[in-house]
Amino acid sequence: RRTWCNNVYFSALPSAWQSMVKTVNKKVSVGNSQSTIETVQDKIFLAAEIEIFGSRTYSFAGEGTQYQYYKNATANIYKMPKWRSNRVSSNYWGRSPHRSSNSYFCYVKEDGSSNYTYAQYNFGIAPCLCI
């Protein structure tokens with residue numbers, strides 16, 4: 001997802017937007033059930049569990065702090081367009097791997113709460129960028 005965000009998604013933005021997008025340092029878990037946090041440079045990124053919810057339930061500590069944009073927890077359910085007519089929103093991926101599994105990643109459930117599941121599932125994404 002990280003490669004796709006920084007290459008495919010970024011390239012699909014209008015050139016005027018591309019010129020405004022800033023490269024940022026993001027603290028990310030290396031995954032693989034390891035607590036190691038590394039700093040990477042991204043133009044487009046997915047938010048970590050802590051950046052969305054302000055707390056961690058499933059991920060390791062150290063991936064940042066909550067963004068103001070996500071402070072209204074109720075608003076989290078409106079970040080992703082709904083895929084089914086009987087829902088308000090849809091599930092979308094975050095960037096945080098689960099702290100005790102090689103196969104799970106954290107995501108935002110369609111009701112706006114935190115959860116985790118296998119990385120193979122077809123959920124949406126809500127890319128973040130800084131200008």
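The values are calculated or read from the model by the stated rules, or taken from the named source; none is laboratory data. This is a predicted model, so every value here is computed, not measured. So basically every Cβ, Gly included, is an ideal-geometry build from the backbone, and we count neighbours across all protein chains shown. Quick note on the areas: whole protein, heavy atoms, side chains included, nothing else; ligands and nucleic acids left out. Shrake-Rupley method; radii C 1.70, N 1.55, O 1.52, S 1.80 Å.
In table form, for the structure just shown:
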| read-out | value |
| --- | --- |
| Close pairs (8 angstrom Cβ cut-off, 6 or more residues apart or separate chains): open to solvent by 80 Å² or more (accessible area, probe 1.4 Å) in the range 1-30, modelled with pLDDT under 95 and among the aromatic types (Phe, Trp, Tyr) anywhere | 1/93 |
| Single residue of the range 8-43 satisfying the filter (within 16 Å of the chain's Cα centre (by Cα) and outside any strand (DSSP E or B)) that is nearest to residue 115 (Cα to Cα) | 31 |
| Sole exception among (1) crowded, with 17+ Cβ neighbours inside 10 Å; (2) acidic (Asp, Glu); (3) modelled with pLDDT under 95 for residue 111, by number | (1) |
| Filtered residues of the range 114-131 (kept if open to solvent by 40 Å² or more (accessible area, probe 1.4 Å), aliphatic (A, V, I, L, M) and assigned to a loop (DSSP other than H, G, I, E, B)) | 119, 131 |
| Residue within the range 44-51 that is more than 15 Å from the chain's Cα centre (by Cα), modelled with pLDDT of 95 or more, open to solvent by less than 30 Å² (accessible area, probe 1.4 Å) and closer than 18 Å to residue 125 by Cα present | no |
